[in-house]
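Written below as structure tokens is the structure these notes are about.
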Amino acid sequence: MITISSTVGNIYRDENLRKRYEEMSSRSLSESIRVNRIEAQRVRMRKTSNKGTDIALTMTPGTKLRHGDVLLVANDKMITIELEPENLAVIQVKDNNNVHEHGAIQVPVTVGHAIGNLHRPIKLEGNKIYFPIQTDSEIDMFKKIFGHLSDHLEISSTKGVFEPEEEMDVHEH
């Protein structure tokens, strides 16, 4: 068993690690550990990589593992974290000029208030807001909540790796 107490870096944030990852992957020397978003916040856990390496994680309290974190780099092995995809709601603010008729502040405040009341972490990308959902029926609930804003919002679901905005990471209920 390999014991790991900290990350080396992240292949999506460090160009040198990304190049090393690509080189090691091309030689079949990279491994990954799949964790869900909730597990990524745990400081102690035991996992097995996709190639069978037994790993004990004993991270510093407050550590949150991220998609692409590198746990180990050696001559014959690189081990990374892979977050499991999950169900996500996507609220896209439509690019139309009618938002000013409805009140330029009402649309974002209404959306933020509803998501905040549900204590959902969010990820912002351009004019899209992503947050985790349990079932697709929640999409119908949000369509009802935001029905009066349907000219300004497009609401859908997708599946993907979710990492909340760090400064907006809240607890969930």
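When you check residue 78 against the structure, is it surrounded by 14 or more Cβ atoms within 10 Å (Cβ to Cβ), more than 25 Å from residue 134 (Cα to Cα) and either at pLDDT 95 or above or touching a His at 6+ places or on another chain (Cβ under 9 Å) (or both), yes or no? Yes, satisfied. Among the residues making up the range 5-48, those that are closer than 13 Å to residue 79 by Cβ, in contact (Cβ under 8 Å) with a residue 40 or more places away in the chain, among the charged types (D, E, K, R) and surrounded by 15 or more Cβ atoms within 10 Å (Cβ to Cβ) are 20, 31. Note on the range 105-119: among residues that are among the polar types (S, T, N, Q) and at pLDDT 80 or above, the one that is farthest from residue 149 (Cα to Cα) is 117. Within the range 106-125, the presence of a residue that is more than 19 Å from the chain's Cα centre (by Cα) and of a type in the set (D, E, K, R) is excluded. The set of residues in the range 46-71 being modelled with pLDDT of 95 or more and on the phi > 0 side of the Ramachandran plot consists of 52, 68. Against the list (1) outside the structural domain of residue 150 (by TED's automatic domain parsing); (2) touching a strand residue (DSSP E or B) at 6+ places or on another chain (Cβ under 7 Å), the condition residue 93 fails is (1). Of the listed requirements (1) farther than 20 Å from residue 17 by Cα; (2) touching an Asp or Glu at 6+ places or on another chain (Cβ under 9 Å); (3) of a type in the set (Gly, Ala, Ser), residue 32 misses just one: (1). For the range 1-33, a residue qualifies if it is under 15 Å from residue 82 (Cβ atoms) and hydroxyl-bearing (Ser, Thr, Tyr), and the qualifying residues are 7, 12, 21, 25, 30, 32. Scanning the range 49-72 for residues that are aliphatic (A, V, I, L, M) and surrounded by fewer than 16 Cβ atoms within 10 Å (Cβ to Cβ) yields one hit, 56.
The values are calculated or read from the model by the stated rules, or taken from the named source; none is laboratory data. Just so it is clear, the structure is predicted and the values come from calculations on it, not from any experiment. With ideal geometry, Cβ positions are generated from the backbone for all residues, glycine too; neighbour counts draw on all protein chains shown.
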